[in-house]
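K.L.:
Can you read through this structure? Questions will come right after.
The values are calculated or read from the model by the stated rules, or taken from the named source; none is laboratory data. Since the structure is predicted, the reported quantities are computational estimates derived from the model, not experimental observations. Here the Cβ positions follow ideal geometry from the backbone for every residue, glycine too, while neighbour counts run over all protein chains shown. For the accessible areas, the whole protein counts, side chains as well, though only heavy atoms, and no ligand, DNA or RNA atoms are used. Shrake-Rupley method; radii C 1.70, N 1.55, O 1.52, S 1.80 Å.
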Amino acid sequence: MSWANAILDDFVLRAILAGIGLAFAAAPLGCFVVWRHMAYFGDATAHAAILGVALSLTFSVSIFMGVMGVALVMAFTVSTLGGRGFAMDTILGVLAHSALAFGLVAASFLSGIRIDLMAYLFGDILAVMPRDLGVIWGGGALVVGLLIWRWSALLTSTLNPDLAYAEGVDPRREQMVLNVALAIVVAVAIKVVGALLITAMLIIPAAAARPLTRTPETMALLAGGLASASVVGGIRAAWVFDTPTGPTIVCVVAGVFALSVTVGQVLARR
Amino acid sequence: MTLFTFGSVGLSFGDSAILKSVSFEMGAGEIVTIVGPNGSGKSTLLRLLIGSIAPSTGRITCQAGLRIGYVPQKLALDPTLPMTVDRLLSLRRRASRARVAQALQEAGVPGFERRQISALSGGQLQRVMLARALLGEPDLLVLDEATQGLDQPGVAAFYRQIEAVRQEHGCGILMVSHDLHVVMSASDRVICLNGHICCQGTPQHVVSAPEYRALFGEGTGGALALYSHHHDHRHDHKEGAQ
């Protein structure tokens, strides 16, 4: 089958649409993850997704709801435990890896049901169904809407919590907004790139957009654009080289990051 | 008219008391400086006022609709966050180009609109933050050690700017500092804080108060150290937190 035929054939088109839906939600949220040094926080929440998958299959609820529920619990646990005796990276290290381990163990108990662990760890974007597409775009739109609604309050509390209080913004409430957005993105992304690579889709496009931008808004928009382009490029490359699609997308994003940093350095030297 | 009143405000975390029965008020257009050693609760007092922490005891009452312009101690902007000066100034409320330009002019950084925040010097950043606070047409300007990291001429220039701002806007100014000499000349009233209010009054009054000498008289080795003092209560420098 040729590439053109494959695009016309539904599954590649669905994969591209799913990837772009994720890209436009993950990239602006990823900017906040980068600005607020929450990379490991994103990891912990994403790793909890596997536990969410296991629980969803056990109790026969939708994977999206199960993953979002567990991710939400994880995000709130991390943000309330912060600053209570342990350093933040220690708490996150404990939670991220235990969530993953408990998830894998829980999945092993599901002997009655065949569970394709690889699909949840690394994504299975070519298997996206029209129904999944609705969930991905619905969740993505929700995240983008949430970020646009809270944008200036989120930015102010990212700049300085006391400044936020003085201007009538409660930084704790804004942290909750980010927690909810993160949980939705994790639930949306598990089908596309899998639990292990969700953080990549959050952080790498944002980091790639940084050297080329001068305001937070352009950084978020460019991150979304670079992520979408990488999704299309990654699906194409996976098709040509017959490689796993989720990881290939992340490889392309990483390439875009390297290119952007180089271009940024050249521009700065002028 | 009174901008705000602290009525026997206390704050403690667990067993350690950071502030004990602090009572004072500020009138419109007044310049009040709070001085005190590290850990005396100066910054905490400002954080109580802007509402980022709640007092354990006592009450803080503000004039209805009080607009506070806050200039933080240090805006540690992450280098991964791109931000121009004009974007920072219009972040919370939309402001016309003309108003932004005027605020920057008043704060002593005219024409800085297109600069990146990360490329500013410490003094320039503080002035930009001052311009941002002025855009909200505050009744009260709150500055938390706004001159930290500036050299002596820089500090003096910054305080002249503050005085000019007060003359222009007529807003009250509450600041925290340990740059004692420069600050004091600009203030109507000085409050000497060390977990509680040790003494307050005009700069001349405070500088000669035994409580002030007890806190700042030692260690300067110069003119201030000449005074030998007696006081009826201990000032424990280790007590409290920032």
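K.L.:
Spot the failing condition for B:SER208; the list is (1) at positive phi; (2) open to solvent by 50 Å² or more (accessible area, probe 1.4 Å), and only one is missed.
P.N.:
Among (1) at positive phi; (2) open to solvent by 50 Å² or more (accessible area, probe 1.4 Å), the lone unmet condition for B:SER208 is (1).
K.L.:
What are the residues in the range A:201-222 that are open to solvent by 10 Å² or more (accessible area, probe 1.4 Å) and facing chain B (nearest Cβ under 7 Å), if any?
P.N.:
Across the range A:201-222, the qualifying residues are A:ARG210, A:THR213, A:ARG214, A:THR215.
K.L.:
Since A:ASP162 meets every condition but one in (1) part of a helix (DSSP H, G or I); (2) more than 30 Å from B:LEU49 (Cβ to Cβ), which condition does it not meet?
P.N.:
(2)
K.L.:
If you don't mind, there's one more thing I want to ask. Against the conditions (1) open to solvent by less than 70 Å² (accessible area, probe 1.4 Å); (2) closer than 19 Å to A:VAL177 by Cβ; (3) modelled with pLDDT of 85 or more, where does A:GLY82 fall short? Just the number, please.
P.N.:
So A:GLY82 meets the others, but not (3).
K.L.:
Test each condition in (1) among the hydrophobic types (A, V, I, L, M, F, W, C); (2) within 11 Å of chain A (Cβ to nearest Cβ); (3) open to solvent by 10 Å² or more (accessible area, probe 1.4 Å) for B:LEU125 and report the one that comes out false.
P.N.:
For B:LEU125, the failing item is (2).
Okay, residues lined up against (1) exposed (fewer than 15 other Cβ atoms within 10 Å of the Cβ); (2) modelled with pLDDT under 90:
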site: B:GLY27; (1), (2): yes, no
site: B:ASN38; (1), (2): yes, yes
site: B:ALA54; (1), (2): yes, no
site: B:ARG59; (1), (2): yes, no
site: B:TYR70; (1), (2): no, no
site: B:ARG87; (1), (2): no, no
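K.L.:
Looking at the range B:72-86, which of its residues are out of contact with any Lys or Arg (no Cβ under 9 Å at 6 or more places or on another chain) and facing another protein chain (nearest Cβ under 8 Å)? Before you say what the answer is, go through the steps one by one.
P.N.:
Initially, the range B:72-86 is screened for residues out of contact with any Lys or Arg (no Cβ under 9 Å at 6 or more places or on another chain), giving B:72-77.
Hits for the range B:72-86 are B:PRO72, B:LEU75, B:ALA76, B:LEU77.
K.L.:
Using the structure shown, decide if A:LEU197 is under 26 Å from A:GLY145 (Cα atoms) and within 14 Å of another protein chain (Cβ to nearest Cβ).
P.N.:
Against the criterion (under 26 Å from A:GLY145 (Cα atoms) and within 14 Å of another protein chain (Cβ to nearest Cβ)), A:LEU197 does not qualify.
K.L.:
Still on this structure, please answer the following. Within the range B:55-80, how many residues turn out to be touching a Ser or Thr at 6+ places or on another chain (Cβ under 7 Å) and in a loop (DSSP other than H, G, I, E, B)?
P.N.:
Selection size over the range B:55-80: 5.
K.L.:
Follow-up question, since we're still on this one. Any residue that is acidic (Asp, Glu) and under 30 Å from B:LEU45 (Cα atoms) - is there at least one of those in the range A:202-219? Can you show your working first?
P.N.:
If we filter the range A:202-219 for residues that are acidic (Asp, Glu), which is where we start, we get A:217.
Restricting the remaining residues to those that are under 30 Å from B:LEU45 (Cα atoms) gives none.
The answer is no; no qualifying residue exists.
K.L.:
Has the range A:226-238 got any residue that is open to solvent by 50 Å² or more (accessible area, probe 1.4 Å), more than 14 Å from chain B (Cβ to nearest Cβ) and within 17 Å of A:PHE122 (Cα to Cα)? Let's see the steps before the verdict.
P.N.:
Step one: of the range A:226-238, the residues open to solvent by 50 Å² or more (accessible area, probe 1.4 Å) are A:229, A:232, A:236.
Narrowing further to those that are more than 14 Å from chain B (Cβ to nearest Cβ): A:229, A:232, A:236.
Filter once more, so that each one left must be within 17 Å of A:PHE122 (Cα to Cα): none.
No - not one qualifying residue is present in the range A:226-238.
A quick yes/no check of all residues on (1) within 30 Å of A:THR213 (Cα to Cα); (2) within 14 Å of another protein chain (Cβ to nearest Cβ); (3) assigned to a strand (DSSP E or B):
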| residue | (1), (2), (3) |
| --- | --- |
| B:GLY7 | no, no, yes |
| B:ILE18 | no, no, yes |
| B:GLU25 | no, no, yes |
| B:SER43 | no, yes, no |
| B:ILE53 | no, yes, no |
| B:LEU88 | yes, yes, no |
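K.L.:
If you take the residues of the range A:43-59 that are out of contact with any Ser or Thr (no Cβ under 6 Å at 6 or more places or on another chain), of a type outside the set (A, V, I, L, M) and open to solvent by 10 Å² or more (accessible area, probe 1.4 Å), which of them is nearest to A:ASP89 (Cα to Cα)? Give the derivation first.
P.N.:
To start, the set of residues in the range A:43-59 that are out of contact with any Ser or Thr (no Cβ under 6 Å at 6 or more places or on another chain) comprises A:44-45, A:47-59.
Filter once more, keeping what is of a type outside the set (A, V, I, L, M): A:45, A:47, A:52, A:56, A:58-59.
Checking which are open to solvent by 10 Å² or more (accessible area, probe 1.4 Å) leaves us with A:47, A:58-59.
Numbers: A:HIS47: 15, A:THR58: 31, A:PHE59: 32 Å.
It comes out as A:HIS47.
K.L.:
Please verify whether B:PRO110 is away from chain A (no Cβ under 14 Å), open to solvent by 30 Å² or more (accessible area, probe 1.4 Å), outside any loop (DSSP other than H, G, I, E, B) and not small (Gly, Ala, Ser), treating the condition exactly as stated.
P.N.:
Numbers: away from chain A (no Cβ under 14 Å): yes; open to solvent by 30 Å² or more (accessible area, probe 1.4 Å): yes; outside any loop (DSSP other than H, G, I, E, B): no; not small (Gly, Ala, Ser): yes.
Here the answer is no, as B:PRO110 does not meet what is asked.
Matching residues to (1) farther than 23 Å from B:ASP78 by Cβ; (2) open to solvent by 40 Å² or more (accessible area, probe 1.4 Å); (3) touching a Leu at 6+ places or on another chain (Cβ under 6 Å); (4) at pLDDT below 90:
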| site | (1), (2), (3), (4) |
| --- | --- |
| A:ALA87 | no, yes, no, yes |
| A:LEU92 | no, no, no, yes |
| A:ALA99 | yes, no, yes, yes |
| A:ILE113 | yes, yes, yes, yes |
| A:ASP116 | yes, yes, no, yes |
| A:PRO130 | yes, yes, no, yes |
| A:VAL135 | yes, yes, no, no |
| A:ILE148 | no, yes, no, no |
| A:LEU159 | no, no, no, no |
